[in-house]
Each structure stands twice: as structure tokens, then as C-alpha cells.
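Note sheet for the following structure.
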Amino acid sequence: MNLATTDSSNELLFVGFNQDNGCFACGLSNGFVIYNVDPFRETFRRIFTNGSNGGIGIVEMLFRCNLLAIVGGGRNPRFPTNKVMIWDDHQNKCIGELKFRTEVHAVRLRRDRVVVVLESKVFVYNFKDLKLIDQITTVSNSKGLVSLCPEPKNNVLAVPGLARGSIRIELYDMKKATLIKAHDADLAQFALNSDGSRIASASEKGTLIRLWNCHNGEPLKELRRGMDRAEIYCICFNQTSTFLACSSDKGTVHIYSLSANTINPTSNNTTNPTATSAKFRSESFHETSTASITTTNTANNATTSEHDSLSNPTSTTNKQMGGMGITFLKGILPVSMVPRYFDSEWSFAQVRGIEGKSICAFSSRDATSIVVVCADGNFIVSSFEVPGDCPRITTKRFMN
């Protein structure tokens, strides 16, 4: 999350989790610092003291290894904002760079790829030799929206499409791309799950989060954050894709259960996926129409397995009931009396009282804990084991 425009005098310019959520990195006005999540502690800090320029606007980790991608930022950037520097922390220096004509908005890493996001272009490089593999034209993308699957066996990349509110998913192993018309409004955030089989998206309206199948573009779920407009800061899945969370400017992190086997928990159609999907789109996807187009692309051939993380619908838990929110009223009230937004599922647990911008991630060690990192320097761990307001387990300050 880029924080450089939040406050010109703010020491914290960037914050982001690594690929397994075990660490998070902070870009500072004079360097960068890495923190471990569980247990919470500072791992290492690099402060640039030689000269007045030291701002780091982007810090992208590669799991926990010594290589990072960094980009200059702030009022006095350490490096040009149109360069991606590959930093080797063992050698305490840059060992490679990628230069562009315009400002870099985001960088994503996996062990074999470097993905760089510009205003209307996304470049994909081989990590080993930094040779260009692919370039994709997108709609104007000043937020630097991008999501890269970290799973080595599944080479999946999600970027904005050419149309407003659309997402392009590159399935490189399958030599094809999926185009999803996700929203009528501009995209606010989107995120792939751990194996690249699902993607969740939100528009600038911030009222709905939609879950999609990456392989065919079909809608799977519609989740409701609230009725008022909101700016979505972050969307994330847990490792097994059974939960999803989002943070916004409303000061609440919402947690949703994805473990129901039906697209709509109140639907009686559980045996015909095609009919269920059509019903979901016609009744529940009222904000916009949906479409998916499959095209071909050139890449190395490999096999991608689609992981279905949805569990048995007959074993309904309290969390699943909480995720249904008030949709149970559809089975009680006449159809004409039920507002259309009842088709959406509501969060079953919430972390409240978050100040300012924040990002969230599910704990890599505790299956019922969520981590929130805030722009004001607060680090929060909460438990969602019981539906409702999530109690805070840990609160720390990582920035003064």
C-alpha cells in the first residue's frame, strides 16, 4: 500500500506483506525496514545516511530471502521513481535494475518472475536474467493494481483490463487469458487466492466484493461490505481460500466465510452449477452485468490444477451462518418485500476501530487470527474464532 500521498511529512511511505504473510515491509523516508509477524519483531532495517536522498516508495519482498525489489519514493527518493532496483541484502547493494520511461506504480515478485506496473502497461520479466517475457496494455492504473500467484506450479497474473471495471487474468501455463467484466465502476482492489484459481474484486463504490473463477470467469459469490460507499484498501484470502477479508476507510476489517458449497446459501439449487450460476447473475449481480471471454496466449506449456476449496454444505457452522447475514429473511418474507441486496452475503466477523489506511492478512500460523497493519504505525492481531466483533490479541507500535 502506497502511503506517499497521505501526508508529505509522513516517515512511512509504503507497507506491504510478503507472499506468505509471515513478514511485512515498510518503505521509509530514509530507507526500509522488515518486520516479522509472529512473533512480532523487527527483522532488519536499512537506513541510507550518505546524502539527503533516502526515500523508498515500494518494497517488495521475495518470501524471506535476501532479494527485494525497491523503488524510490517520497519527497527525496533514494532511486529514480522510474527504476526498479533489485536489492541483495547479503551484499547490502543493488545487483540489478529495470528502467522505464514513466513512474513505477507497483512491483510483484515470485521466484521466477518480476512484474512491474506502470500507468497503462504491465511488464513481466524472467527473474534469473531480467529478460522481458510479456507486456500487457491496461486501462489507466494509477493505483498499481496487480495480483501475482506465488504458487510455483501455477503461473497466474491478474491485471486491469482495457475496459473500465474489467480484469484480465493471464493463465500462462494454460496459454490463455480470461477477461472478466467485474464491475461497472472503476476497480478499487482485486486479489488472487494462493493457487490462482479464484479472484476477488471490489469497485470504487466499495459496497460489494465479488468472487470469480479465474479459469472461466464465472461468478461464484457476492459479498457485501455495507450500504455506504467506501474506499477499499485491501482484499485478501487465507491460505486455504475458506475465508476472505477486506479493509476500508470505514475503520472496519470485514471477514467472510467462503466455505459454503452453494453459491448462495439460501438457494435450493445445489446440483446444477450452470443453473446456479445463471440464477446468481440474474438476481444477485444487480450492480452490473457479467461476461467472460477466453483468449489464447503464448507461454510455456504446463498443467494447472483448479483447487476447489469449498466444503460440504451440510456441515453448517456458526461462522457459515454468520456469513449468511440477513439472507435468511428471503425464506421467511415474500419475495416482493425482500430488498435485492439480501442476495449478498455479509461478513460474520469484524475488526473495528481501525484508524486511517490499513492492510490486512490472515495469520500464517493461527488459522483463526487476522493481522492488520495500519498507516498510523499500529500492528494489530485479532481472533475471529467467534462470530461478531473480533477481540484483539496483540497491539504493537512499529512506527512512532
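Values quoted throughout were computed directly from the atomic coordinates according to the rules given, and no laboratory measurement underlies them. Computed from a predicted structure; not experimentally measured. In this analysis, Cβ positions are derived from the backbone assuming ideal geometry, glycine residues included, and neighbour counts consider all displayed protein chains.
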> Between residue 163 and residue 43, what length comes free when the chain is fully extended (0.36 nm per residue of separation minus the Cα-Cα distance, one decimal in nm)?
Replying inline: 39.0 nm
> Which of rounded, prolate, oblate describes the range 96-225, given a ≥ b ≥ c as roots of the alpha-carbon gyration tensor eigenvalues and a/c under 1.5 marking rounded, otherwise prolate only if a/b is larger than b/c?
Replying inline: oblate
>> Using 27 Å as the Cα-Cα cut-off, could you pick out the over-long pairs in 175/205; 131/221; 93/131; 93/176; 357/396; 121/250?
In response: 175/205; 131/221; 93/176; 121/250
>> Given a Förster distance of 41 Å, report the FRET efficiency between residue 11 and residue 175 from their Cβ-Cβ distance, rounded to the nearest 0.05.
In response: 0.35
>> Given axes a ≥ b ≥ c from the Cα gyration tensor, I'd like to know whether the range 132-197 is rounded (a/c under 1.5), prolate (a/b larger than b/c) or oblate.
In response: prolate
>> Rounded, prolate or oblate, given the Cα gyration tensor of the range 60-141, with a/c below 1.5 counting as rounded?
In response: oblate
